[in-house]
């Protein structure tokens, strides 16, 4: 059996979409852009969404051919009628909109998610399929980049890249930003639901020294920094959790102008993207 590249010596396949997304390109946009009453609309189409997924599979050739990338591109950026439930849930797409994606390969567990953490994450899966995920022989790390869309449409379309890849190799999906695991069926249901977001951001409470810290995982999907709130006492915790949740919603709905934030003091490597502390 050939030796797989590790994350530190990864080789990357990149395939830029060839066709315009169904409902855009040469066609008229789907839906209407939301009305705005100032000169700083949110979501800002100049801001990019970051999404990173780990596909766990036994298929050692997964996502390593031109045909694989063409199939994903056709489903996400082309005229394919597959996954129409996900695509129809995207309320507005401008002409020429496209999701770009790449794939890296690593032997699981990856350095990005150590074995003990991965086992906890895979506990999200139904018990009958969990052993298959835990015994996967290949990890395909999918990264997508796309401009923001109203109602978080970019999360649905970026997630669709991971969904198509997982279906092609009969794998399982780990959202590396929120540390959640899905079967392809569960992820398809998540992406096509009426509202995207409840499971797309994780609010975490963690012991830190003699107190607690709060932080989010997943806000970079919405073009936002993850939030970090260190140095909380037990007496402050309940009120801080409520405030934290409210601020996350304000950020998602109004953008960075919704509140004052300062540079993050989180440990290096603690977050996958940018982070900020709430004032």
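Laboratory data are not the source of any read-out in this text; all were calculated from the coordinates shown. All values derive from a computational prediction rather than experimental measurement. Heads up, the Cβs are rebuilt from the backbone with ideal geometry, glycines too, and the neighbour counts pull from every protein chain shown.
Stokes-Einstein, applied to the Kirkwood radius of segment 202-278 over Cα pairs at a viscosity of 1.002 mPa s and 20 °C, places its translational diffusion at 170 µm² s⁻¹.
Taking one quarter of the surface of the convex hull spanned by the alpha-carbon atoms of segment 107-163 gives a direction-averaged projected area of 5.0 nm². Taking each DSSP H run with n ≥ 4 as -39500 (n - 2.57) and averaging over every residue of the chain yields -8000 deg cm²/dmol at 222 nm. Remark: spin-label model distance residue 257-residue 47 equals 1.1 nm, labels positioned 7 Å along the Cα→Cβ axis.
Rounded to 0.05, the FRET efficiency of the residue 95 and residue 243 pair, given R0 = 41 Å and the Cβ-Cβ distance, is 0.55. Remark on the chain: hydrodynamic radius 19.7 angstrom, per the Kirkwood mean of 1/r across alpha carbon pairs. Listing 42, 229 from fewest to most neighbouring C-beta atoms within 10 Å gives 229, 42. Shown for 144, 233: other C-beta atoms within 10 Å of each C-beta, ranked fewest to most, produce the order 233, 144. Stretching residue 250 away from residue 185 to a fully extended chain increases their span by 20.3 nm, per 0.36 nm per residue minus the current alpha-carbon distance. Cα-Cα pairs above 26 Å in segment 115-237: how many percent? So the pairs more than 26 Å apart make up 29 percent of the total in segment 115-237. Sorted fewest first by neighbouring Cβ atoms within 10 angstrom, 65, 100 come out as 65, 100. The orientation-averaged shadow of the Cα convex hull for segment 161-208, equal to a quarter of the hull surface, comes to 4.0 nm². For segment 202-278, the antiparallel share of DSSP beta bridges with both residues in that region comes to about 80%. Computed on the chain, with alpha-carbon pairs under 8 angstrom and 6+ residues apart, the relative contact order is 22 percent. Extension gain, residue 199 to residue 84: 0.36 nm times the residue separation minus the Cα-Cα distance gives 39.3 nm. Largest first and in whole Å, the equivalent-ellipsoid semi-axes of segment 69-133 read 32, 16, 12, each the square root of five times a Cα gyration tensor eigenvalue. When only alpha carbons of segment 61-195 are considered, Rg and Dmax amount to 14.8, 44 Å.
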